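This report concerns only the one structure given below.
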Amino acid sequence: MAMPTESTRVVIFDTTLRDGEQAPGFSLEVPAKVQMARALDALGVDVIEAGFPIASPADAEAVSQIAGEVRRPVIAALARCRPQDIDEAARALAPAARRRIHTFLATSDLHLERKLRISRDACLTAIVEGVRRARQSTDDVEFSAEDATRSDHDFLCRVVEAAIAAGATTINLPDTVGYTTPDETREFFAEIIGRVPNSDKAVFSAHCHDDLGLAVANSLAAVAGGARQVEVAINGIGERAGNAALEEVVMAMRVRNDRLPFDTGIRSPMLFETSQLLARLANEPVQANKAIVGRNAFAHEAGIHQDGVLKDARTYEIMRPQDVGQEPEQLVLGRHSGRHAVQRRCDALGLAVAAGEIDQVYRAVISFGEHRKIVGDGDLRRIVERLRSDTTGTPSAPDDANGGQHVEHVGYGHGV
Ligand code: KIV
Ligand code: ZN
């Protein structure tokens, strides 16, 4: 999958099922991993990192089943630069139509001295041997220099050159601890790609963690600096604060293509359902205000915003909700809402509120919203019925039929 930096196509390497799944609270059983892999295939990712086979028999089994069942994307398995790891990854990947061994070793002095207790020379030897061994099982080998962004640049250039010479076709330079800033990331990729003499023989990849909330910005900066693969995860899950969120990286490139002139193979209308599937399988809700896939990402409660969106959605929406699989026109009624949205919701519910009635309905909605966070469709119906029965003297159902317990959203499907 060699790709020159002049190309605008960015490879989406999804690590939801490896870096994401190894994070606390996100572990999945084998059938759930297979189900998620099928959804990632349908979404259009290029590479699915399905697990770390040496880590556990369940990981190995998940990689093997995914490799056997998901045929279009490349299936990748992680391995340290150790013969047993690489052989186990190769075994698990055997059923795959397209397989990649992803081997890694830390290159920063901090990791070499304090964690691995090996010299730079020993590190270099292990990398070359690891990549060569992986190449015996597949032509598609990725090498990751763990903690690359805190590694000595001269040493990193030697490592990258040696890994490519040994047969690596993708070079990943992870920001393992989410330490780097976007301008630094761009310069870093441009420098390493520029200095390594055989860099044109490999695709460079970014793998950014979110410890400072910069993973998406850093991934985009890496692409600007010459990377043509990004390692991302649905809902941004991953070690500690997570990885760069797939949906955010992809939509940033799509919405701001004027500044980020790159493209991917992702079918963006499937983003929301893929995010929801992961939330259900892992039993971890998506934060409401999460960009792109959060349930508030396209919801409007403030009257001024609702009025703007009803007149022209572009006033407060930079992309169409349906482009990421969310419902259009999500007007949430509450104490901040405006008349225009109340009228629109009544019309949508067939309540036929006349011009003379709307002021009263609006005031009742605002006062109801003082006590409840959200005025749901059922609440709105009861408000209108109550006002009408007060006028005609006909009794109506109490508007507190739910005992004041539920919070009902309006106009769109509930997110997890
Ligand atoms: O964060 C990291 O450095 C990793 C590597 C194994 C790619 O996850
Ligand atoms: Zn990672």
* Structure fact -> Inter-part gap, Cα centre of segment 125-183 to Cα centre of segment 24-89, in whole angstrom, is 21
* Asked: If you line up the long axis of helix 30-43 against the longest principal axis of the chain, both from Cα atoms, how many degrees apart are they, to the nearest 10?
  -> 80
* Asked: For the residue pair ASP109 and THR181, what label-to-label distance in nm results when each label sits 7 Å from Cα along the Cα-to-beta-carbon direction?
  -> 2.3
* Structure fact -> Given the candidates LEU331, GLY20, VAL34, the one whose Cα lies deepest towards the positive end of the charge dipole of the chain, counting +1 at each Lys or Arg C-beta and -1 at each Asp or Glu C-beta, is VAL34
* To do: Treating only the Cβ atoms of Lys and Arg (+1) and Asp and Glu (-1) as charged, compute the dipole magnitude of segment 299-392 about its Cα centre; round to the nearest 20 debye.
  => 200
* Work out, step by step, the length gained on full extension between VAL255 and TYR316: first 0.36 nm times the residue separation, then minus their alpha carbon distance; give nm to one decimal. => 20.5 nm
* Asked: Which order do peptides 307-313, 126-132, 235-241 fall in by mean Cβ count within 10 Å, highest first?
  -> 235-241, 126-132, 307-313
* To do: Have a look at the DSSP beta bridges in the chain and tell me what percent are antiparallel, nearest 5.
  => 5
* To do: About the Cα centre of the chain, how large is the charge dipole given +1 on each Lys and Arg Cβ and -1 on each Asp and Glu Cβ? Please answer in debye to the nearest 20.
  => 420
* Structure fact -> On each of the three principal axes the extent of the alpha-carbon atoms of segment 11-282, given in whole Å and largest first, is 46, 44, 32
* **Packing-based exposure ordering (other Cβ within 10 Å, fewest first) of ARG381, ARG267** => ARG267, ARG381
* Asked: Hey, if you put +1 on the Cβ of every Lys and Arg and -1 on every Asp and Glu Cβ in segment 11-282, which of GLN136, ALA221, VAL63 ends up farthest toward the positive end of that dipole?
  -> GLN136
* **Ordering of 78-85, 385-392 by packing [mean C-beta count within 10 Å, highest first]** => 78-85, 385-392
* Residues in segment 329-347, backbone N under 15 Å from the label point at SER367 (7 Å along the Cα-to-beta-carbon vector): list them, ranges by number please. => 335
* Structure fact -> Once amide hydrogens are built 1.01 Å from N within the peptide plane, the residues lying 5 or more places from LEU333 or on another chain with amide H under 5 Å from its amide H are VAL375, VAL410
* Among ALA106, ASN172, ILE86, whose Cα lies farthest out toward the positive end of the dipole of segment 11-282, if unit charges sit on the beta carbon of Lys, Arg (+1) and Asp, Glu (-1)? -> ILE86
* Structure fact -> Kirkwood-based Rg/Rh on the Cα set of segment 1-101 evaluates to 0.97
* To do: State, to one decimal in nm, how far the label point of SER27 lies from the label point of ASP377, with both points 7 Å from Cα in the Cβ direction.
  => 4.1
* Asked: What ranking of LYS33, LYS115 emerges when the number of other C-beta atoms within 10 Å of each C-beta is taken as an exposure proxy, fewest first?
  -> LYS115, LYS33
* Asked: Charges only on Cβ, +1 for Lys and Arg, -1 for Asp and Glu: so what's the dipole of segment 251-322 about the Cα centre, in debye to the nearest 20?
  -> 140
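Rank these for me by crowding, ASP323, ASP59, going from fewest to most other beta carbons within 10 Å.
Sorted ascending by nearby Cβ count, the order is ASP323, ASP59.
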* Per DSSP H run of at least 4 residues, take -39500 (n - 2.57); add these up for the chain, divide by its residues and hand me the 222 nm value, nearest 500 deg cm²/dmol. => -12500 deg cm²/dmol
* Rg over Rh [alpha-carbon atoms, Kirkwood Rh] for segment 299-392 -> 1.00
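How much of the DSSP bridge set in segment 171-298 is antiparallel, in percent, rounded to the nearest 5? All intermediate terms of the calculation are to be shown ahead of the outcome.
Working: 1 of 11 bridges.
Around 10 percent antiparallel, to the nearest 5.
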* Taking the highest mean first, how do the peptides 150-162, 94-106, 39-51 order by number of other beta carbon atoms within 10 angstrom per residue? -> 39-51, 94-106, 150-162
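Computed from the coordinates by the stated procedures, all read-outs in this text should not be read as laboratory data. Just so you know, these numbers come straight off a predicted model, no measurement behind them. Using ideal geometry, Cβ is built from the backbone for each residue, glycine included, and neighbour counts are taken over all protein chains shown.
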